[in-house]
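Take a look at the structure below.
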Amino acid sequence: MKLTPRLSKNTLIFGGSAVWGLLLLGCMVVGRTALVVPHVPGAAFVGDKACAECHAEQVAGFASASHAKLAFADPKLGTTGCEACHGAGSLHVKDGGMKGTIVSAKQVSESCFACHLEKRGEFSLANSHQVMNGKMSCSDCHDPHSGSAIKGAGAAIESANDTCIKCHTAQKGPFVFAHNAMKEGCIACHTPHGSVNAKMLVARDANLCLRCHVQTTDRNGTIFVGGADHRTRLQSGTCWIAGCHEAVHGSNASKSLRY
Ligand code: HEC
Ligand code: HEC
Ligand code: HEC
Ligand code: HEC
Ligand code: HEC
Ligand code: HEC
Ligand code: HEC
């Protein structure tokens, strides 16, 4: 499966080379929402080249990074991609990297919201990964400095799942009876950021499973799913309650995904 970025209107406003012109203004308003560039008081932009002297690793990898494509080349400064997330760097460079002179690794999730405004909403939903309280950060799943920002994108789906499995070992398997849905990736059933649905599911109840499993009805009104009569079963609502398919990720006991 190809992972395609779905960019919102808000993000698109920042697409293309206009980005940096707008950013340099420091702050603008789209609709009723203020977008604020990470602000380091008293600092000016210096360009990526100035960072290379001390952060060769990040600068070298950056050419392949999703966000490098956006960088606007200022005739004097060159590209200013690093500073889009870390804030203007002149004081930091001048002080040889003194603490508090740049938007730190800890604070930087906040700067992602400057452009990915809608993500703040996603992470504020009732069921979401704990980014807003600082327990997790965007970089647990995204690589800001090199390659695709979506880890595993473009590669085998397994490597996209690896991002999730490093924390969620229970879902890793292998299982005696695998659920082939897992080959489509965790995001076939879960939203990675947040959801109104419990367990960050993309759909509620039987609707989740019926996205892939066809439900057919015969002349007598019998409802079949997976070739079996599901008339009374579907009345339970979810397909993964005890006694049905509670081992949704895979089972070591039953082909029908039970414990
Ligand atoms: C003269 C050397 C030097 C230059 C030039 C430099 N830095 Fe740093 N930077 C440092 C040092 C030293 C640290 C502290 C490293 C540490 O704590 O391990 C640091 C830390 C950082 C951190 C982590 C801060 C934290 O608290 O998490 C970021 C982000 C950073 N630099 C970004 C940049 C950017 C962006 C540029 C270019 C605009 C840049 N640096 C230029 C020396 C430099
Ligand atoms: C898309 C936003 C983004 C851009 C662009 C970006 N960074 Fe970062 N940077 C981050 C995030 C997020 C972290 C925290 C990483 C983590 O928690 O592991 C970070 C961390 C750092 C650190 C601390 C050490 C580390 O790797 O964790 C340094 C130094 C740094 N960045 C330098 C740079 C330089 C130099 C550039 C430009 C070549 C740059 N960054 C571009 C988001 C960005
Ligand atoms: C200056 C604005 C800006 C900032 C700051 C920014 N982004 Fe982005 N980001 C964009 C734009 C524009 C795109 C679309 C790029 C494209 O189409 O290739 C994008 C794309 C992405 C994508 C999808 C990449 C892909 O390969 O499809 C991810 C994931 C992402 N950003 C995460 C982050 C994270 C995490 C941070 C903070 C560490 C961040 N962004 C900070 C503007 C920004
Ligand atoms: C738990 C892992 C995880 C965390 C934490 C996370 N993301 Fe993502 N993000 C993903 C995955 C997986 C995708 C790919 C989703 C897809 O292709 O449907 C993605 C896609 C994106 C995209 C591109 C597609 C879209 O939905 O617009 C952007 C932008 C993005 N994330 C921004 C962020 C920002 C900003 C943060 C931090 C505030 C963040 N993400 C934190 C896993 C995560
Ligand atoms: C850095 C570790 C980490 C990564 C990476 C991670 N998660 Fe999580 N995830 C957590 C933590 C911690 C919680 C529990 C949050 C809580 O208690 O509210 C959680 C909660 C969840 C839940 C909800 C569980 C519940 O009980 O409501 C789901 C579903 C989930 N993650 C799926 C994913 C998927 C899919 C990915 C990959 C896109 C992923 N996670 C990546 C740490 C991680
Ligand atoms: C076929 C759909 C589907 C796929 C694919 C899927 N999940 Fe789930 N996941 C579910 C359902 C349904 C639940 C709720 C189970 C429950 O409430 O008992 C769930 C629950 C979870 C939970 C919460 C566990 C708990 O005990 O509360 C985590 C964490 C999780 N999934 C992670 C993942 C990860 C990581 C992947 C990819 C490796 C993944 N899921 C793939 C459907 C799926
Ligand atoms: C992303 C698509 C997808 C989703 C969503 C999905 N499945 Fe599956 N499921 C599959 C595929 C593919 C197979 C293997 C082919 C088959 O047997 O139809 C499978 C097989 C199964 C089997 C084994 C059938 C057998 O007898 O071998 C059960 C049981 C099952 N799924 C239950 C569920 C439940 C319950 C849900 C909802 C939580 C669900 N599936 C959601 C794709 C999916």
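The values are calculated or read from the model by the stated rules, or taken from the named source; none is laboratory data. Note that the structure is a prediction, hence the values are computed from the model and not measured. Please note: Cβ atoms are built from the backbone with ideal geometry, for glycine as well, and neighbour counts cover all protein chains shown.
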Looking across region 84-132 at residues that are within 29 Å of HIS168 (Cα to Cα) and among the polar types (S, T, N, Q), the single one that is nearest to ligand 6 (Cβ to nearest atom) is ASN127
Subset of region 107-137, residues of a type outside the set (A, V, I, L, M), closer than 22 Å to ALA50 by Cβ and not in a helix (DSSP H, G or I), comes to GLN107
Does at least one position in region 63-72 carry a residue that is free of Cβ contacts under 8 Å to residues at least 40 places away in the same chain, more than 12 Å from ligand 3 (Cβ to nearest atom) and among the basic types (Lys, Arg)? no
Just one listed residue, out of GLY96, GLY100, is surrounded by fewer than 16 Cβ atoms within 10 Å (Cβ to Cβ), farther than 18 Å from VAL59 by Cα, away from ligand 7 (no atom under 16 Å from the Cβ) and not polar (S, T, N, Q), and it is GLY100
* Asked: Just to be sure, is ILE165 under 12 Å from the mean Cα position of the chain (by Cα) and assigned by TED's automatic domain parsing to the domain that holds LYS199?
  -> no
